[in-house]
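The values are calculated or read from the model by the stated rules, or taken from the named source; none is laboratory data. All values derive from a computational prediction rather than experimental measurement. In this analysis, Cβ positions are derived from the backbone assuming ideal geometry, glycine residues included, and neighbour counts consider all displayed protein chains. These area figures cover heavy atoms from the full protein model, side chains too; ligands, DNA and RNA do not enter into them. Shrake-Rupley method; radii C 1.70, N 1.55, O 1.52, S 1.80 Å.
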Amino acid sequence: MAVVPDAGEPLSPQAADLIRRVARMVLDEPADLMAELHAAVSAAADEPLRSEPVLAAEVAASTRANMLHWAASMLKDPGGRVPANLTPEVLGIAREAFRRGIEQTVYTTYHAGQNAVSAYWMRTAFALSQDPAALRQALEAGSRSLAGFVDDMVAALSEQLRRERADLARSSHARRFEVVSLVLDSAPITTGRASTRLGYDLRRRHTAAILWTDPRRPDQAALAQAAEALGPATRARQVLTVIASSSSVWAWLAAAADTGAGALTAATAPHPAVRVAVGPIGAGIDGFRRSHFDALATQRLMSRRPDLRVARFADVQLVTLALQDEQRARQFVARTLGQLADAEPELRDTLCVYIGEQFSAARAARVLYTHRNTVLNRLRRAERLLPLPLADNGVEVGAALEIAQWLGIQPEPGSATRASDPRTP
């Protein structure tokens, strides 16, 4: 029979069954629990764990992994002590917080997550049972087990980081990251001194790139190889790489000759799990900073499009500006596209390519691998759905179509047929 930890009171079969039922629900990752957990942990985290997309994703992945580990243990051994969960995704973000001097925020987020899971545990148990004795034991066991798990995790992480402290501080990437952070923060460090410490000439022209993988499956080897491949592919004079976290790398290409999307995509093709956000070319130490921050803005935007592996700021800067006010961006799309916003995606895609090909149906047909007459037919249908003539509103329509793609705007169920047929009342 299971025992309530540190209490000596055997769990009744009813209480053990209730614990298992709640644990199964936690393992299903219900939307309300995940939203509350994410909000609580995010609010407790310090910058940049909230604002940098990769770090925020690593925090979320670590939190999720710990929650599932604890719930799985409770399902197997209701009320038992849960062993620490020092998996790569959990250790990765803890190491990164230590490297940035904000390891205390990791422990704060653990307690915030504990409160969110505990609240869900309590209300779910009450929803599943009206047996006072079983409820009391299940709530006490869940609360005690969760608190013990968090305490053990904090202790285990502290001990692990203590053992690794010297190596983390001495590594070449740690020293490079320290200097790069000073440059990005506009700290009082001269261009010459920073260049010497980095072994990278900050007086050149720079193109920044951010490379990352799924934080649940970090792969530093693939990131390093993909970053290294960018140098010869772009014919850069120098490449600077810095490990930014367990699942991301920052890179700068000095005096790169070809930063086109084709070259970047081909260079990283052997590593399909690696995603790349690229900033514009910038000169000197200020350009080094600006290109990185624009790459970061591109990366944030790419979080809306998991299908997109490589993106350049030059190609998405209009959308980046538009989405600074998402509500107004949605209003602009609705106002500009009218019924076309609810039409079948084929019409919107064809019109988008047609505008991108400088309003040439022949070139659009080649891009779409279809007949020119098919393109013309789709264009006629699409234009009938627009509030204003395309000839007078082409730039606005093109912008609205692109923004709609990034917003993930999809037709309402059943609306495509109605919208694409102007005879429908």
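Odds and ends about this structure:
- Per residue, the accessible area of the range 279-380 comes to 52 Å² when a 1.4 Å probe rolls over the protein heavy atoms.
- Using a probe of 1.4 Å, the accessible surface attributed to F313 totals some 30 Å² when neighbouring protein chains are kept in position.
- Between helix 345-356 and the chain: long-axis angle, C-alpha atoms, 0 to 90°, nearest 10: 50
- Neighbourhood charge, 12 Å Cβ-Cβ cut-off, centred on D294 and excluding it, Lys, Arg +1 and Asp, Glu -1: +3
- To the nearest ten degrees, helix 53-76 and the longest principal axis of the Cα atoms of the chain are 40 degrees apart.
- Matching label, P(r) over Cα pairs in 20 Å bins from 0, in percent computed from the structure shown, candidates [x] 25, 55, 17, 3, 0; [y] 22, 42, 30, 6; [z] 15, 33, 32, 14, 6, 0: [y]
- Database remark: amide H of A244 closer than 5 angstrom to the amide H of V249, W250 (H placed geometrically; neighbours at sequence offset of 5 or more, or on other chains; Pro and chain starts carry no H).
- Angle in degrees between helix 132-170 and the longest Cα principal axis of the chain, rounded to the nearest 10: 70
- Charging the Cβ of each Asp and Glu at -1 and of each Lys and Arg at +1, and nothing else, the dipole of the chain about its Cα centre rounds to 1260 debye.
- Accessible surface of the range 236-299 [probe 1.4 Å, protein heavy atoms]: carbon and sulfur percent: 57
- The range 345-385-the range 177-198 distance, computed between alpha-carbon centres (Å): 49
- Ordering of 372-381, 289-298 by packing [mean C-beta count within 10 Å, highest first]: 289-298, 372-381
- In this view, the solvent-accessible surface of I281, computed with a 1.4 Å probe and all protein chains in place, comes to about 90 Å².
- Around A257: net Lys/Arg minus Asp/Glu count, Cβ-Cβ under 10 Å: +1
- Here the spin labels are modelled as points 7 Å beyond Cα on the Cα-Cβ line, and at N373 and Q130 they lie 7.2 nm apart.
- Note, ³J(HN,Hα) from phi for the range 91-96, Karplus 6.51, -1.76, 1.60, rounded to Hz, x at Gly and Pro: 5, x, 6, 5, 4, 5
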